[in-house]
There are 2 protein chains.
Amino acid sequence: MPQQTVGILGGGQLGRMLAHPAALMGIPLLILDSGPDTPAKQVSLPPHGHTQHPDGAFTSPEHIKELARNADVLTVEIEHVDADVLAQVEADGLCAVQPAPGTIKLIQDKYLQKRHLEARGIAVAPFAAVPERPTLADWQALERELGLPLMVKSRTMAYDGKGNSPLKTLEEVDIGQTMDTLVRGAGGNKLYAEAWAPFVMEVAVMVVRNVQGQVKSYDAVETIHKDSILRVCFAPLRVAAGGKGMSEVNRRAKELAESAVATLDGAGIFGVEMFLMPDGTFPGLSSKTPDLTLTPFPPPPPTASGSLMINEIAPRPHNSGHHTIEACETSQFENHLRAILSLPLGSTSLRVPAAAMLNMIGTSESMQPIEDACTAAYGVPGATVHLYGKKECRKGRKMGHVTVTGSSDAQVRERIRPILAAMPDLAASFIDALCTPPRPAATAAAAGTTTSGFSHPQPLVGIIMGSDSDLPTLLPAARILDTFKIPYELTICSAHRTPARMVTYAKEAAGRGLRCIIAGAGGAAHLPGMVASETTLPVVGVPVKGSVLDGVDSLYSIVQMPRGIPVATVGIANATNAALLAIRIIGSATPETAADLAAYARDLENEVLHKVDKMEEIGWEAYAKQVLKK
Amino acid sequence: MPQQTVGILGGGQLGRMLAHPAALMGIPLLILDSGPDTPAKQVSLPPHGHTQHPDGAFTSPEHIKELARNADVLTVEIEHVDADVLAQVEADGLCAVQPAPGTIKLIQDKYLQKRHLEARGIAVAPFAAVPERPTLADWQALERELGLPLMVKSRTMAYDGKGNSPLKTLEEVDIGQTMDTLVRGAGGNKLYAEAWAPFVMEVAVMVVRNVQGQVKSYDAVETIHKDSILRVCFAPLRVAAGGKGMSEVNRRAKELAESAVATLDGAGIFGVEMFLMPDGTFPGLSSKTPDLTLTPFPPPPPTASGSLMINEIAPRPHNSGHHTIEACETSQFENHLRAILSLPLGSTSLRVPAAAMLNMIGTSESMQPIEDACTAAYGVPGATVHLYGKKECRKGRKMGHVTVTGSSDAQVRERIRPILAAMPDLAASFIDALCTPPRPAATAAAAGTTTSGFSHPQPLVGIIMGSDSDLPTLLPAARILDTFKIPYELTICSAHRTPARMVTYAKEAAGRGLRCIIAGAGGAAHLPGMVASETTLPVVGVPVKGSVLDGVDSLYSIVQMPRGIPVATVGIANATNAALLAIRIIGSATPETAADLAAYARDLENEVLHKVDKMEEIGWEAYAKQVLKK
């Protein structure tokens, strides 16, 4: 291994997370930042021949040049560096720089970034320049173009929502005063405006390209922001996208992200943040003024055929890829190093079924809330705490994160609840929306009903039936799944009366995270087979007994599928076995579920053995009288 | 979080791997070892108030005491420390020590360690003391007790096979000369003797106990040694153990390891190495002299009802737990820190379906072979390189390891092949035995047959049938699985003629890594249902058509199972659909398999569309003549 020294501009948490794979791969690092023990420097001894990491600002031309003289490749963990000096360093042949200095410079100005993408035919959320001293007429023109509210943003030096202000109305406030606020909000930087995006969901894709031009992207994730700071991230993306399924939105998100990154020069990892829009929202106004204080994240999962539009791109590892450390075959950090060092890119596949990333954000100068979140995380299986080693806590500062992996979406969302609950700035409604129980107790109480009998928002099994008259036959399946605590949904879906609904249901099922579909139907029972034709999931068919032919018609209709499309058929009206089969399917890949099945089998055995004892005790004549009559 | 400083005696690779979770959890470390940049010190800046980590031997009383004055808890990453000083430090109240100094001291002497375990009823491989100046009569007594060959081992300062010598015979060599060799081999330390263990497999379990006494153990792994050094480790353990299945051997291995650790004081992680023996081997001699140069690792997976016996225990993180970093919900290193700091223990569950760990061992002073192995690993999906940052390479020195995760045992064993092939000291036969292809081409050529038509040693699907007359019906299932490259096995297993075999097969299937069983049977077709009664795996039943009743008898016998035991029934003689159903079951948890299924569905669609075109082109009259006659 030619041991190329990598110089990193910036020694914060992203540098810290780069330092770990660098150590694993034996890559010497020089980290430029002010102070001897920034987060990254805490975990990386300077390489042989250096007594310490360079101590200076990552914006300082002198320090950058000196770093370049001591390194083989420079890279950044923050884009707010002096890109001109980087270009000079590269031009002078001092050192390679990845990604390209021009890319870093372009991305520093969000307005130019968007112009660049738009000019190359990449879908971006509508935006416009704001003149240096805008008049009321200017604002009115912007309103006509982008609608209200609009987001006024700083073109440069913006991150984690810093420099962003919403402009809600032109009538009710003094525009001059508003402008003062906006300009102050943007720290005196130039401004631009963006249309308010009434998105269904925020989505991010990490794309990595190595020096040789090999490109890989990670599966899209759902990102949830609070106060313009990323707070929670879910992988994989689950969205019931208008008849196309997750894989379709995921495919399109990756395609859009890759095509955007293809317009940018240089090697490394890029974080691409996107909006998933309900159809036909842009261009134009959103019909109702959204609540500006809360990002919408509606349960149950949104349905959108969804246009995707890029919000912004980061030319470096990104917060929306932190889950890749535990959840993917190669992390974004290792892949960034591989990319800039001409190594082959690592696999971007998930190595776990589901994961979530929770940011630990300072709420004040007190470290206590962070410590409380860590303590909660230590009690949660599958949770890994990542503290960044920052000495001082501040409101809005990223102090660390927790990654939680699990065997299903539902399990991950259950696991994160106590950790989120330990964060004092999160409202119960925010937490409930992310970790929705099958049906909120409050709603049930208001409706005067129980909380059972409602679909779980992150189901592993779908129970569908051709008609509500099949419900009594299918109900035992639901009860068995309840017993095993397997999240499921139950609905009516008729092959003959709602064919479009059936096709949509089948196509979306895998993408929504289902692992198995139980379909019950009677007579010319087409539902199981037709659903099986539109999904790759295993479909369990339950023949429902009709008024004639004793269910044999249903059995034959379900079991005698043509070669190529299998249906797993169970006995006539035996929904219990359908559910147990679905659980065996889940259990074949989930050890704890397999253990539950083993316990269930022991219970069945004991139940019969108990009857054996009983019969020996009272004799079969009495047994027949007492027990069988019941 | 009360930030307790942990002092670690030893700064090698285990310390390095402890340093990472320590940084994540914000735990300050002080690392005692000679030199400023030992592997652990490279990735952990000394805590606030210290300009450097203590530079000195981890055996030095002065340095240990000084470390104790600066830390809240002392722990070890190597057991060859001065345990008496640790006891003194604890007695003086300078600092807590975990695990207990007495435990470390006991474990330092392998003979006393075994005596301790034996006295407490823990199964250990037979052993005996060797007198200081043994005579021929002493050796003859040892031969009577333990048999030949026997392993003569150093009681102390032994690791990675150092200090071990085999004694093969008492007749053919001069005992005095042999003794010289043995004593030299043991570095002048006291000796003891162990019976040669003709084990079926070596197994290891990591057990962790925290200060409060909470105990967890990781699932057992298979360890493969070469030249007495751990070389490869597989998780989870796969062994067809005499009618009991993996979960049974795993359960007994964990139980034995936990009961052994229960006899040792103190908190922390313990590595427990065991032999899985064929039944009734001990006590007594092995029937044939084993090949002393090679650890046996016979493919296909060994069958053993398997007594388990402890070989040795390490009171610290252990090489056989390195896979836990990527493969488990909490790594052995994080759990060690949690244990000694009174935190709740993290989940020890696997977060991936399968994993392997490959040690990178120096073969000479050249670093090149290590670099070659890394280069190979960078090309393998799911592989993570862990270099230890050692400046000098030596023969037999652990320079790093690679962890490989995957969606199945078969995939992991495929993935590790190119990495093992890049290691110059590994013979092709060693690699072939670990990564066995379905049938070695050489064997097939010798037999004059093809390599197809043989069972894969790490199958995901089992195809069984009641009689060889069912083979023509089941063959299409095998062909479909071949097409999808799903590893499977195929055999005959009759419910009525080989009931014991059937029960064993069903009970062992899940533990051997199968995800689904396809069972074909005709007439009073009991095989699918009876197999389903003895496993938690999904069982797909294929009704075979007999000479009467057109297969309806088989269909009813298979599909009409009682409530509680489901069989996924497909159409009469439709083995194609049985295989596709098995693949859908695997695909429900394995995205790449789901993608293959989607491609298959597209192919089916295109095949029909092609016929549509053909019929339009030539007309249906010609079509009927030309095409349907074929």
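The values are calculated or read from the model by the stated rules, or taken from the named source; none is laboratory data. All of these numbers come straight from a predicted model, not from anything done at the bench. Every residue, glycine among them, receives a Cβ derived from its backbone with ideal geometry; neighbour counts consider all protein chains shown. Side chains included, ligands, DNA and RNA excluded: accessible areas come from the protein's heavy atoms. Shrake-Rupley method; radii C 1.70, N 1.55, O 1.52, S 1.80 Å.
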Worksheet entry | Matching entry among B:194, B:143 (being part of a strand (DSSP E or B) and at pLDDT 80 or above) | B:194
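If you go through region B:544-552 one residue at a time, do you hit one that is more than 8 Å from chain A (Cβ to nearest Cβ) and surrounded by 24 or more Cβ atoms within 10 Å (Cβ to Cβ)?
yes
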Item to complete: Scan region B:522-540 residue by residue and report those that are part of a strand (DSSP E or B) and open to solvent by less than 10 Å² (accessible area, probe 1.4 Å).
Response: B:539, B:540
Practice prompt. Quick one: count up the residues across region A:572-590 that are over 23 Å from residue B:555 (Cα atoms) and either among the small types (Gly, Ala, Ser) or at the interface with another protein chain (Cβ under 7 Å from one of its Cβ atoms) (or both).
Written response: 3
Worksheet item: When you look at residue B:501, is it free of Cβ contacts under 8 Å to residues at least 24 places away in the same chain and of a type in the set (D, E, K, R), yes or no?
Response: yes
Fill in: Residue selected from region A:390-439 under the condition touching a Cys at 6+ places or on another chain (Cβ under 8 Å) and farther than 18 Å from residue A:319 by Cα, by the criterion most open to solvent (accessible area, probe 1.4 Å)
A:414
Worksheet entry | Total residues in region A:356-389, condition within 12 Å of chain B (Cβ to nearest Cβ), in contact (Cβ under 8 Å) with a residue 24 or more places away in the chain and open to solvent by 30 Å² or more (accessible area, probe 1.4 Å) | 5
Fill in: Residue that is farthest from the other protein chains (Cβ to nearest Cβ) [pool: residues in region A:1-41 that are open to solvent by 30 Å² or more (accessible area, probe 1.4 Å) and over 15 Å from residue A:317 (Cβ atoms)]
A:34
Worksheet item: Just one of A:480, A:486, A:492 is under 25 Å from the mean Cα position of the chain (by Cα) and either of a type in the set (Ser, Thr, Tyr) or at pLDDT 90 or above (or both); which is it?
Response: A:486
Worksheet item: Residues that are surrounded by fewer than 21 Cβ atoms within 10 Å (Cβ to Cβ): which helices (runs of 4 or more DSSP H) entirely in region A:562-630 hold 3 or more of them?
Response: A:591-618, A:620-626
Worksheet, complete the sentence: Reported set for region B:217-239 where residues are open to solvent by less than 10 Å² (accessible area, probe 1.4 Å) and at pLDDT below 90 is B:239
Item to complete: Can you confirm whether region A:464-476 contains a residue that is out of contact with any Phe, Trp or Tyr (no Cβ under 9 Å at 6 or more places or on another chain) and in a strand (DSSP E or B)?
Response: yes
Fill in: Meets criteria (open to solvent by less than 10 Å² (accessible area, probe 1.4 Å), within 11 Å of chain A (Cβ to nearest Cβ) and free of Cβ contacts under 8 Å to residues at least 60 places away in the same chain) for residue B:330
yes
Worksheet item: Within region A:480-497, how many residues are within 20 Å of residue A:523 (Cα to Cα), hydroxyl-bearing (Ser, Thr, Tyr) and surrounded by 15 or more Cβ atoms within 10 Å (Cβ to Cβ)?
Response: 1
Worksheet item: Of (1) within 26 Å of residue B:598 (Cβ to Cβ); (2) modelled with pLDDT under 95; (3) of a type in the set (Gly, Ala, Ser), residue B:447 satisfies all except one. Which?
Response: (1)
Discussion item. For region A:556-571, which positions are over 34 Å from the mean Cα position of the chain (by Cα) and within 7 Å of chain B (Cβ to nearest Cβ)?
Written reply: A:559, A:560, A:561, A:563, A:569, A:570, A:571
Response to the item:
Selection over region B:81-118 where residues are surrounded by fewer than 20 Cβ atoms within 10 Å (Cβ to Cβ) and over 29 Å from the mean Cα position of the chain (by Cα) yields a count of 9
Response to the item:
Those residues of region B:48-80 which are within 14 Å of chain A (Cβ to nearest Cβ) and open to solvent by 20 Å² or more (accessible area, probe 1.4 Å) amount to B:48, B:49, B:50, B:51, B:52, B:55
